[in-house]
Amino acid sequence: MASAQQLIGLLKSHAEGDEDRFFDLAMQLAAAEEQKGHKRLAEQLRSWAEAGQSPPEKVRAVPTPIAAPRGDLAGLLSASYPTARINDLIVPEQLDDELRHVVVETRMTDALEAKGLRPRRRLLLSGPPGTGKTMSASALAGELKFPLFTVQLHGLITKFMGETAQKLRLVFDAVRTTRGVYLFDEIDALAATRGGDDVGEARRILNSFLQFLDEDTGPSIIVATTNLPEILDRAILRRFDLVLVYELPSEPAIERVMRRRLKAFDIAPISWAAVTHLAHGLSTADVIAASEDAARRAVLNSSERIDTESIAASLNRRRSLQGIGGAINAEGSQTSDSQRHRGEPPIQPKGRRGRKAT
Ligand SMILES: Nc1ncnc2c1ncn2[C@@H]1O[C@H](COP(=O)(O)OP(=O)(O)O)[C@@H](O)[C@H]1O
Ligand SMILES: [Mg+2]
């Protein structure tokens, strides 16, 4: 058996995205097992280690034609080959850990199955828009070097139950036979149909989805996302192996997001406490968009420098675009009309949770 030290080394190198070290350690482990006469285990370790190696960038950019959905599936699934990684995501540590764990579980499927266990393969990601749910599905695919198949929910739901079930069957056949990450994005669409005119029929569609979900997903991972967890049935929730709740970014997360996006600029003058306060209630995607807005303006002004005032103005523009209250100034107080007329950023954020999903 591998020593605790070796296992820690493996997990650590993996968590840090240090693929070369991960590969070396796995190979060392394989050699040690082989010496002990555990030939099969050694072979398995080597094949996992090789599977975990990134193909060269050029190869990754070119889609593997085998995985491209054909025939009837073409309108139901779209394939992509994401290069996103879990390191690109800025999420709370616990979420990050769970996503990494899913990757390791998938890589170690055989070892788990040998002990009668299954890797967790059905994930539900819920939370407000722009918090990284779709990106997480890409990152899982990117880490595992799996294709990402996005299920076209709107193409799936037809007026005729028989047809819908047939289409779902096609999708789930692919789930079983073609290894990939299958993304049922914004699954609310499916659940919401229960409120439609023909409730009976809509329920049958939903039930048939749940039934398929119950089947073994084979080597694939299913990721469903929702912006509106409250409309999802308990019956749906318990079908998933793992439910991850995404939230609007915390102040430290906001700062990380901005620093990362603005790293090409001189951001030394920024007062982070003031800026992160202004970003309260905005999603990660909004914070990125505001950073890009400030960056664009700096470039147009031939400036390398971004200060608190310019980033505050960009955040306030984002707030009003998203309809989350008016703008606030860097001290957090509502700006009066007279201040606004002097060209200073204008008002009062609403609560972080009071935001309507878009
Ligand atoms: N947690 C995050 N970490 C890093 N980038 C993020 C995060 N959330 C959102 N983004 C950025 O915003 C974009 C949209 O996010 P997305 O994953 O589509 O959000 P959601 O699916 O939750 O609505 C992403 O492509 C990424 O650029
Ligand atoms: Mg999304």
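What the table shows:
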| quantity | calculated |
| --- | --- |
| Sparse-neighbourhood loop sites, GluC sites (Glu not before Pro) in the range 209-284 - DSSP loop, at most 14 other Cβ within 10 angstrom | Glu215 |
| Simple label model, 7 Å out from Cα along Cβ direction - Ala32 to Asp241, nm | 2.7 nm |
| Computed FRET value (nearest 0.05) for Ala114 with Lys12, which takes r as the C-beta separation and R₀ as 22 Å | 0.35 |
| Debye, to nearest 20: dipole size of the range 4-53, +1 on Lys, Arg Cβ, -1 on Asp, Glu Cβ | 280 debye |
| Förster radius 30 Å - calculated FRET efficiency between Ser80 and Asp20, Cβ distance, rounded to 0.05 | 0.70 |
| Filtered GluC sites (Glu not before Pro), the range 1-37: DSSP coil and at most 11 other beta carbons within 10 Å | Glu16 |
| Additional length obtainable on full extension of the chain from His154 to Arg259, 0.36 nm per residue less Cα span | 34.1 nm |
| Fully extended contour minus Cα-Cα distance, from Asn301 to Arg169, at 0.36 nm per residue | 42.0 nm |
| In the range 231-278, trypsin sites (Lys or Arg not before Pro) in a DSSP loop with at most 10 other beta-carbon atoms within 10 Å | Arg238, Lys263 |
| Semi-axis lengths (Å, descending) of the ellipsoid that matches the C-alpha gyration tensor of the range 4-53 | 19, 12, 7 |
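None of the figures in this text is laboratory data; all of them are computed from the coordinates on show. None of these values were measured; they are calculated from a predicted model. Virtual Cβ from ideal backbone geometry, glycine too; neighbours counted across all protein chains shown.
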